[in-house]
Every structure is written in C-alpha cells, then in structure tokens.
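Working notes, structure below.
Throughout, read-outs are computed from the coordinates displayed, never taken from laboratory work. Bear in mind the structure is a predicted one, so any value in this text is a computation, not a measurement. With ideal geometry, Cβ positions are generated from the backbone for all residues, glycine too; neighbour counts draw on all protein chains shown.
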Amino acid sequence: MLMWAPMTTYVTASIDRPQARDNTIKLWGPEGFVGMRAAGRLAAETLDHLAPMVRPGVETAALDDAAFRFMFERGGWPAPLNYRGFPKSICTSINHVVCHGIPGSRRLQEGDCLNIDVTVVLDGWHGDTSRMFTVGDVSLKARRLIDCTYEAMWRGIEAVKPGARLGEIGHAIQRFAESQRFSVVRDFCGHGLGRVFHDEPNVVHAAKRTEGPELRPGMFFTIEPMINAGRADVKVLDDGWTAVTRDRQLSAQFEHTVGVTENGVEVFTRSPAGLDRPPYAV
C-alpha cells in the first residue's frame with residue numbers, strides 16, 4: 001500500500017529554480033496557478049476532442065494519434081511519451097484494465113468501458129486528467145461503477161482545504177466507494193505535479209482522515225481514484241505498464257488536477273465543453 005513519507009518539508013517554489021522530485025512539497029504562488037490553469041485546460045480540451053471518436057471499431061492507436069496532434073498543434077507536448085520508456089502519448093485502459101493501458105491495434109467494441117488518461121506539458125506546466133467513456137450501451141453494473149467512481153473523486157476533491165490532512169481525501173473516497181460495495185485500488189495513487197510530472201506528495205485514495213501532511217495553499221496534485229467492481233487486487237502485465245484486476249472484473253477511474261487555495265480548492269482540468277461525466281452529448 002502506498003503511503004506518505006514520515007517527514008514533510010514544504011518549500012516555496014519558483015520557476016527560476018531547477019525543479020525535480022526531491023521529497024519536498026512545493027508551494028506555488030500566483031504564477032503557478034496561471035500556468036496550471038492553461039495546462040489543465042489544454043488537457044481537458046484534449047479529452048473533449050477525443051470524445052466523438054470513442055465508438056465501435058476505432059483503434060486505440062487512432063485516439064493516441066489524435067491526442068498527440070491536438071496537443072502539439074496548440075503548443076503542448078504529451079508528458080507520457082517516452083516517460084520511463086512508455087511508448088505512447090496517452091493511456092487507454094479498457095474494461096478490467098485499471099490504468100496505464102498502451103494504445104495499439106485493439107478496436108473498441110460495443111459495451112466497452114474506456115478510461116483515457118491525458119497529461120500535457122504546456123510552457124513547462126503539467127495538466128493531468130482522465131475520464132471514463134462508454135462505447136455504446138454498457139451493463140448496469142458498469143454504469144453503477146462509473147457513476148460511483150465519478151462521485152468518489154468529487155468527494156475527495158471536496159475534502160481539500162487549507163489545514164486539512166491529506167488523508168481526508170482518501171478517507172472520503174474510500175468511505176463512499178465501499179458504501180456502494182466497490183473496492184479502492186491501493187497499488188496506485190495521485191501525486192503532486194507542477195513543473196514536474198510526478199512529485200510529492202503521494203495522494204492515496206484509501207486512508208484515515210488524520211493521516212498525511214497538512215494541506216497548504218499553493219499545493220498542486222492529482223486526485224485519481226481507481227475503483228474496482230470486484231476485489232482491489234491488481235497485477236502488472238509483462239509489458240511492464242498495463243495494470244489489470246486480478247479477478248478480471250471491471251475497473252473505473254476519473255482524475256482531476258487541483259490546487260489548494262486560501263479558501264479551498266481550484267480544479268484545473270474541468271471540461272470546457274461540459275463533457276465531465278458519461279454519457280457525453282457529442
């Protein structure tokens with residue numbers, strides 16, 4: 001189970017300083033919020049752009065190509081491409097794939113549930129978001145799982161405020177998901193970001209509310225619960241990336257990038273087109 005470092009150090013961040021994951025939590029000022037709004041918007045616009053393409057017969061590689069072109073033409077770059085050897089620009093995770101599915105020749109089929117995960121780099125800032133998509137009609141169980149995951153993410157977001165503990169987020173997510181008889185994946189978590197793709201802190205999605213570092217204004221991180229219809233156990237396939245449910249039951253995920261403000265939270269990756277939750281009117 002992923003957890004937090006035992007000691008927490010906060011630093012005031014600046015774009016004039018080299019950025020790296022160094023076990024510190026960065027606190028950004030107004031310039032950080034400006035950069036993250038732009039990067040988050042482009043990431044969300046990329047998912048909006050892909051929404052009409054999600055239909056039976058479409059290869060996931062075609063979604064990847066369309067995402068790359070859309071980001072590149074607007075001055076952005078896909079952060080996953082060649083990141084630690086990842087070969088594509090986005091992640092496409094279908095049905096029992098929990099996360100990090102690699103786009104390829106797999107064609108979407110009627111009844112599939114698809115998560116598309118996009119991270120764009122724009123002027124050095126990272127916007128990271130994912131949504132679930134349904135291909136035609138899906139089962140009632142699948143729709144319940146998707147609805148639960150969306151609501152769980154938002155319950156986590158609503159727990160964000162200065163002075164709260166990071167564990168409040170995971171506690172809210174876990175309490176709701178398990179009340180709906182679903183399970184929360186422990187092997188993967190959200191993460192800090194900004195000028196770095198993956199930074200401190202880890203944002204776990206199942207926690208005690210009193211655990212974790214204190215939330216302070218200027219913190220940027222993702223909230224991205226992965227909720228399973230069956231057991232929480234996952235395994236990574238031989239490609240070194242694709243994570244699947246061990247019992248082969250469905251998994252779902254939603255993700256937003258957020259910033260802690262003086263009064264609460266700002267969500268950087270809302271859909272400008274209002275396509276936040278399936279089914280999407282496209």
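Scan (1) in contact with a strand residue (DSSP E or B) (Cβ under 9 Å, 6 or more places away or on another chain); (2) without any contact (Cβ under 8 Å) to a residue 12 or more places away in the chain; (3) among the aliphatic types (A, V, I, L, M) for the single condition Val196 breaks and write down its number.
Val196 satisfies all of (1) in contact with a strand residue (DSSP E or B) (Cβ under 9 Å, 6 or more places away or on another chain); (2) without any contact (Cβ under 8 Å) to a residue 12 or more places away in the chain; (3) among the aliphatic types (A, V, I, L, M) except (2).
What about Gly230, is it surrounded by 15 or more Cβ atoms within 10 Å (Cβ to Cβ), more than 18 Å from the chain's Cα centre (by Cα), in a loop (DSSP other than H, G, I, E, B) and of a type in the set (Gly, Ala, Ser)?
Details: surrounded by 15 or more Cβ atoms within 10 Å (Cβ to Cβ): yes; more than 18 Å from the chain's Cα centre (by Cα): yes; in a loop (DSSP other than H, G, I, E, B): yes; of a type in the set (Gly, Ala, Ser): yes.
Judged against the criteria, Gly230 is a match.
Condition check: buried (at least 24 other Cβ atoms within 10 Å of the Cβ) and among the small types (Gly, Ala, Ser). Does Gly156 satisfy that?
The answer is yes for Gly156.
Within the range 38-83, how many residues turn out to be among the hydroxyl-bearing types (Ser, Thr, Tyr) and touching a strand residue (DSSP E or B) at 6+ places or on another chain (Cβ under 6 Å)?
Residues that pass the stated criteria total 2.
Determine whether Gly259 is closer than 24 Å to Arg21 by Cα and in a loop (DSSP other than H, G, I, E, B).
no
Which number in (1) within 14 Å of the chain's Cα centre (by Cα); (2) more than 13 Å from Glu255 (Cα to Cα) marks the one condition that His205 misses?
(2)
For the range 124-139, give me each residue that is more than 19 Å from Thr222 (Cα to Cα), in contact with a Gly (Cβ under 9 Å, 6 or more places away or on another chain) and touching a residue at least 40 places away in the same chain (Cβ under 8 Å).
Thr134, Val135, Gly136
Within the range 167-201, how many residues turn out to be over 18 Å from Thr24 (Cα atoms) and either among the aromatic types (Phe, Trp, Tyr) or touching a Ser or Thr at 6+ places or on another chain (Cβ under 6 Å) (or both)?
The number of residues fulfilling the criteria is 3.
Has the range 102-115 got at least one residue that is under 30 Å from Gln19 (Cα atoms), touching a residue at least 60 places away in the same chain (Cβ under 8 Å) and either part of a strand (DSSP E or B) or not acidic (Asp, Glu) (or both)?
yes
Go through the range 239-256 and give me each residue that's in contact with a Cys (Cβ under 9 Å, 6 or more places away or on another chain) and part of a loop (DSSP other than H, G, I, E, B).
Trp241, Thr242, Leu250
Name every residue in the range 6-33 that is over 21 Å from Leu215 (Cβ atoms) and either out of contact with any Lys or Arg (no Cβ under 8 Å at 6 or more places or on another chain) or without any contact (Cβ under 8 Å) to a residue 60 or more places away in the chain (or both), in order of residue number.
If the condition is that a residue be over 21 Å from Leu215 (Cβ atoms) and either out of contact with any Lys or Arg (no Cβ under 8 Å at 6 or more places or on another chain) or without any contact (Cβ under 8 Å) to a residue 60 or more places away in the chain (or both), then Asp16, Arg17, Pro18, Ala20 are the ones that fit.
Within the range 73-81, identify whether any single residue is free of Cβ contacts under 8 Å to residues at least 60 places away in the same chain, within 26 Å of Ile15 (Cβ to Cβ) and acidic (Asp, Glu), and answer yes or no. Can you show your working first?
Step one: of the range 73-81, the residues free of Cβ contacts under 8 Å to residues at least 60 places away in the same chain are 73-78, 80-81.
So of that shortlist, the ones also within 26 Å of Ile15 (Cβ to Cβ) come out as 73-78, 80-81.
When the remaining residues are screened for being acidic (Asp, Glu), the result is 73.
For the range 73-81, residues free of Cβ contacts under 8 Å to residues at least 60 places away in the same chain, within 26 Å of Ile15 (Cβ to Cβ) and acidic (Asp, Glu): present.
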